[in-house]
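Presented below is the structure to which this report refers.
The numbers here are math on the coordinates, done by the rules we state, and not lab data. It should be emphasised that the depicted structure is a prediction, and the values quoted were computed from it without experimental measurement. Here the Cβ positions follow ideal geometry from the backbone for every residue, glycine too, while neighbour counts run over all protein chains shown.
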Amino acid sequence: MSMWTLVVALVSALVVWYLLARQLMAQPWLADGEVGYTPDIEAFASPAKKVALFFLLAVISSLFALFFTAYMMRMNPAHGDDWLSIPKPDILWLNTVLLLASSMSMQWAKNLVNHQSGKSPLPALIIAGVFAISFLVGQLLAWQQLYNIGNLQISNPALGFFYLLTGVHGLHILGGLYVWARATIRVFMGITTPSINLSVELCTVYWHYLLVIWLVLFGLLLTT
Amino acid sequence: MAFVAIADRDHEQEHHDPHTFVSKYIWSQDHKVIAIQYGGTAVLVGLVALVLSGMMRLQLAFPDYFSFIRPNEYYQFVTMHGMIMVIYLLTALFLGGFGNYLIPLMCGARDMVFPYMNMLSFWAYLVSVIILMSSFFVPGGPTGAGWTLYPPGTILPGTPGSDMGILLMLLSLAVFIVAFTMGGLNYVTTVFQARCQGMTLMRMPLSIWGILTATVLGLLAFPALLVSAIMMIFDKTLGTSFFMPAVLSMGQALDHQGGSPILFQHLFWFFGHPEVYIVALPAFGIVSDLLSVHARKNIFGYRMMVWAIVGIGALSFVVWAHHMYVSGMNPYFGFFFATTTLIIAIPTAIKVYNWVLTLWQGNIRLNVPMLFSIGFIFTFVHGGLTGLFLGNVTVDLPLSDTYFVIGHFHMVMGVSPIMVLFGAIYHWLPKITGKMFNETLGKIHFWCTFLGTYAIYLPMHYLGILGVPRRYYAYGLSDFIPASAQSMNVGITIAALFVGVSQLLFIINIIWTLTKGKPAGSNPWEATTLEWLTPDTPPKHGNWGHNLPVVYRWAYAYSVPGAALDYITQTDPQKGGDIEEGDHGKH
């Protein structure tokens, strides 16, 4: 626990430090250079929505880091000696491929709007969404398969964590699908404003991020 | 390319000019209205918690005298008082209330960058409050597990509210965290993206620095509470064993196996300790501004104050286990966490010295906000010093779970932030309402609160050293507690009821201000920061009229040698009149 939380705390502190370091050295009370000087404020050259997304990803990172920490602490015999490894449904491999495909389709959509080739990103967006929804269905099937095994106890923390972590990850995908649906409908209705391009770009970042989270989570499940 | 403030760019701006009463005051997207909604709700729910504490004190002073306070109710009062005060009052009022009101005004923005999400944040907060309050009316009542909600007791029969009460509490917390995250993303993004021209980070008032850092802490720490809440809901409803060890309950073995209550404690305090600073850092920032304005002096060591805020924020993530010295965790952890805990004393002490040095040789105006600010320095130093006792493992062990702890944390994170909150409300009330409050009433309110809280919490330290345990409904026959402790409890209760009732003075003053207050003018305190320079008082929707302000200097140009007035506003373009390099010592 302490290792992981230390790492999270240090990384966030370093990020904050990096963002502020240049400006933190200012001496605003001095006569020369500072007073009367009115620099443009462009703290980040990105749109506000993009900045907010990155802060949101920081929050989600904290959430999953804490879940993973709790997972590993609970495995430790010092926190209970009742951990029984459970079988991992093979469909998880297929789901991983689906999520990867979804992420790649999103990237395709982003490339289309970025290059302004005139081609509509609609097909790419729809394919990405279909893959993401298939991923969620696949996860539910995995739950079903585990449930059908029958002799697994929910009080076994390995099983509890399996449902919990895949569930929380799935909810984040659902949240992404809500934003995806809004963007896709607007593209479908023929709206082509810069804000659509931004939506597609932000969806892509979020998709890649959830893929990374899934890969870490899947690795954790497989190795324990 | 001409400068266009980010808030004014078309594709960034969400148009939301209110037209109807409902869109103006109820489903409002204006940060000032949302701030008042947040603040009003928080104060209301805080009054509930105040009444709960009064009932606890009645039981402690006059055991078994009141038929409506039985052990179950007592524990429910304790739990709800703690949780409401920490989360639903202090966090919501500082960040949802003052964060919302001050960030756009002090940074020179027209509104938060995501007004719609800001509105959602308030309504989600309101839902969380309603869920929490509804637990008073369900069978079994609210949870009585103590605000720390430690398993396994929390969700086992025998603890009050272990069925519906605890579920509603956990659900309410989860909704609150969602609300806070929506608000928090807004605050951080607004500070970084929507400041007006010239407002560099190091020209921001310390209030904004405190609120910004506290928000970042909240965004990273609240997930720990969410994780523990979700896992506990699973343990309660689905029969998992994340936290629940093998338990015999009412003579029967439950299905739970070897879960880890200490895991919950780690998660809870990984949130719980930063939470202390989520409350304290905005208070640090705001009190710095209040002291500077009313002492007519620049804040002493501005840059060091900023670093201290950021440093305390970072350190607050590596001290959580000092709440767990008696939990049975690895004893070597205690050494590590005692060390990090004591290191926090360094930036904190820097801040205290700087506040005192700001007052030194200032032209102090001893008005109500200033009285509360100076009161804060007293109560904070007091609570901080007892923290040094509790931060050391060997001293903490005998004092753990005694009234010494109650005295300590009420001084440091109860009374101190409340002092700043009152000071801040009195300070900004003329801007929020456009009218001046009753000074005499405010001063009486201050002295009742300041002296009264000392009368409550100083004796508690003594009780704690005697070994009187906290959270006990009644002490029964305990040889080590002298009979005089009971007399002291009566005295504390009288003081507590006096302080509780004297808060009516504050409510009366607010009503007096709204009905009979004289117009305050736009800048009654002769302050330099942007919120006092709005074209209208109270500021209208959009804050700044046609043009956004342009900032030419830092926020603390008070009593500048050679200047015509004893303050120069941040938007004043005049050259000179600022502190020359190498001159610091003289001013």
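When Rg is the radius of gyration of the Cα atoms in the protein assembly as shown and Rh is its Kirkwood radius, what does Rg/Rh come to?
Values: Rg = 27.3 Å, Rh = 28.1 Å.
Over the Cα atoms of the protein assembly as shown, Rg/Rh equals 0.97.
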Checklist outcome for this item: Here the membrane-span-like helices of chain B, with no claim about any membrane, defined by DSSP H, Cα axial extent at least 24 Å and mean Kyte-Doolittle at least 0.5, are B:31-61, B:115-134, B:164-193, B:206-237, B:261-295, B:331-359, B:368-391, B:416-433, B:439-466, B:484-516
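Would you list the membrane-span-like helices of chain A, meaning whole DSSP H runs whose alpha-carbon atoms span at least 24 Å along their axis and whose mean Kyte-Doolittle value is at least 1.0? Provide the component values of the computation, followed by the final result.
Values: long enough: A:2-24 (31 Å, 1.64); A:48-75 (41 Å, 1.60); A:91-115 (36 Å, 0.68); A:122-149 (41 Å, 1.52); A:157-188 (45 Å, 1.07); A:194-222 (42 Å, 1.60).
Going by DSSP H runs, the hits are A:2-24, A:48-75, A:122-149, A:157-188, A:194-222.
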Checklist outcome for this item: For B:K435, other-chain or 5+-apart residues with amide H closer than 5 Å (H placed, Pro excluded) are B:A520
Checklist entry - With the dipole of the protein assembly as shown worked out from charges on the C-beta (+1 for Lys and Arg, -1 for Asp and Glu) around the Cα centre, which of B:P152, B:V393, B:Y457 lies farthest toward the positive end? => result B:Y457
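Counting only helical runs of four or more DSSP H residues, what would the 222 nm mean residue ellipticity of chain B come to if each run contributes -39,500 (n - 2.57) and the total is spread over all its residues? Intermediate results must be reported in sequence, preceding the final value.
On the way: 15 runs with 330 residues, N = 587.
Calculated mean residue ellipticity at 222 nm is -19500 deg cm²/dmol.
Would you calculate a helix-derived [θ] at 222 nm for chain A, using -39,500 (n - 2.57) for each DSSP H run of n ≥ 4 and dividing by the full residue count, to the nearest 500? Can you show the working numbers first?
On the way: 6 runs with 165 residues, N = 224.
About -26500 deg cm²/dmol.
What chymotrypsin sites (Phe, Trp or Tyr not before Pro) does the stretch B:50-81 have in DSSP loop regions with at most 11 other beta carbons within 10 Å? Let's see the in-between values first.
On the way: sites: B:Y65, B:F66, B:F68, B:Y74, B:Y75, B:F77; in loops: B:Y65, B:F66, B:F68.
Answer by residue number: B:Y65, B:F68.
Given the pairs B:K435/B:K516; B:K297/B:K435; B:K431/B:K518; B:K516/B:K540, which are separated by over 18 angstrom at their Cα positions? Before the final figure, lay out each step's value.
Values: B:K435/B:K516 8 Å; B:K297/B:K435 25 Å; B:K431/B:K518 12 Å; B:K516/B:K540 22 Å.
Violating the 18 Å Cα-Cα cut-off are B:K297/B:K435; B:K516/B:K540.
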Checklist entry - Once you average over the residues of A:82-92, how many Cβ atoms of partner chains fall within 10 Å of each Cβ? => result 1
Item to check | Shielding by other protein chains, B:181-189, mean Cβ within 10 Å | outcome: 4
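Using only alpha carbons, build the gyration tensor for the stretch B:332-439 and give me the equivalent ellipsoid semi-axes, biggest first, whole Å. Present the calculation step by step, with values, prior to reporting the outcome.
Details: eigenvalues 224, 51, 23 Å².
Taking √(5λ) for each Cα gyration eigenvalue gives 33, 16, 11 Å.
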Next on the checklist: Highest mean first, how do B:340-353, B:91-104, B:368-381, A:84-97 rank when packing is the count of other Cβ atoms within 10 Å averaged over residues?
Outcome noted: B:91-104, B:368-381, B:340-353, A:84-97
Checklist entry - At what distance in nm do the modelled label points of A:V97 and B:K516 sit from each other, each positioned 7 Å from its Cα along Cα→Cβ? => result 8.0 nm
Checklist outcome for this item: Ranked output for segments B:275-284, B:561-570 by mean other Cβ atoms within 10 Å, highest leading, reads B:275-284, B:561-570
Checklist entry - When you look at the Cβ of every residue in B:543-555, what mean number of other chain Cβ atoms sits within 10 Å? => result 2
